[in-house]
C-alpha cells in the first residue's frame, strides 16, 4: 500500500473545486494524456471519467469510477486500466489551519496489479504519488485559472473535453 501526504496552501474548498472538475485530472494525474467526461454527475458516487495514457507510441484507455464522495473529507476512486486491473485511490482531505492536508492511499484491487502487488510496486507508486501530489498542489494553489483556449474548448457546447499532453519531459517522467 502506497500512502503519501501533501500540504496544499489553499482551503479544502479550493481543492474540491479542482477534484470536482473531471476535465482537470490530466493536469495533475501523472501519466494521464487526456480526460473525458464519462457517465453521471462527477464526482458523485457511481459517476465516471474516461482517460487515455500514452507510453511511447502506444495509447491505452481506461476509466475511473467514484466509489465514495464525502466532501469535504473524502474522495475514493477505482481506476480501471484494462488488463492491468483496477486500483483503489483514496484521498483523505483535512483542514490544516488555513490550508489543506491531503493523504493519498493507493493499492491494486484486481487483475495483474493485484496479483503482482509487492514492495517494488509500492516504491514506484510512492515516486508517482510524490509527483502527482506536487502537481495537484500546484494546480490548486495557482487557483482555478486555465488558459483561455482550454476554457473555450471545455465550455464549447458538445466539445470533447480533452487537454494536450504536458511538456516534452512529461512523457518520460510519467512512463
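Scan segment 55-81 for residues that are in contact with a strand residue (DSSP E or B) (Cβ under 6 Å, 6 or more places away or on another chain) and over 25 Å from residue 41 (Cβ atoms) and report the count.
Number satisfying all stated conditions: 2.
Considering only residues that are farther than 18 Å from residue 128 by Cβ, modelled with pLDDT of 90 or more and touching a strand residue (DSSP E or B) at 6+ places or on another chain (Cβ under 7 Å), which ones fall in segment 20-31?
Of everything in segment 20-31, just one residue is farther than 18 Å from residue 128 by Cβ, modelled with pLDDT of 90 or more and touching a strand residue (DSSP E or B) at 6+ places or on another chain (Cβ under 7 Å), namely 22.
Given the residues 46, 31, which is the only one that is at positive phi and within 11 Å of the chain's Cα centre (by Cα)?
On the way: 46 fails: within 11 Å of the chain's Cα centre (by Cα).
31 is the lone residue from the list that is at positive phi and within 11 Å of the chain's Cα centre (by Cα).
If you check 97, 62, 82, 56, which single one turns out to be modelled with pLDDT of 95 or more and surrounded by fewer than 17 Cβ atoms within 10 Å (Cβ to Cβ)?
Details: 62 fails: modelled with pLDDT of 95 or more; 82 fails: modelled with pLDDT of 95 or more; 56 fails: modelled with pLDDT of 95 or more.
The conditions single out 97.
Within segment 109-123, how many residues turn out to be at pLDDT 70 or above, assigned to a helix (DSSP H, G or I) and exposed (fewer than 13 other Cβ atoms within 10 Å of the Cβ)?
Residues flagged as at pLDDT 70 or above, assigned to a helix (DSSP H, G or I) and exposed (fewer than 13 other Cβ atoms within 10 Å of the Cβ) within segment 109-123 amount to 3.
Taking segment 32-66 as the region of interest, how many residues are under 20 Å from residue 133 (Cβ atoms) and part of a strand (DSSP E or B)?
Taking segment 32-66 as the starting set, the residues that turn out to be under 20 Å from residue 133 (Cβ atoms) are 32-33, 35, 43, 49, 51, 53, 64, 66.
Next cut, part of a strand (DSSP E or B) only: 32-33, 35, 49, 51, 53, 64, 66.
Summing the residues that are under 20 Å from residue 133 (Cβ atoms) and part of a strand (DSSP E or B) in segment 32-66 gives 8.
Six or more apart or on different chains, Cβ atoms under 6 Å: show the pairs whose first residue is in segment 4-18 and assigned to a helix (DSSP H, G or I) and whose second is at pLDDT below 95 and buried (at least 18 other Cβ atoms within 10 Å of the Cβ).
Listed pairs, sorted by first residue: 18/24.
The values are calculated or read from the model by the stated rules, or taken from the named source; none is laboratory data. What you see is a predicted model, and the numbers here were worked out from it, not measured in a lab. So basically every Cβ, Gly included, is an ideal-geometry build from the backbone, and we count neighbours across all protein chains shown.
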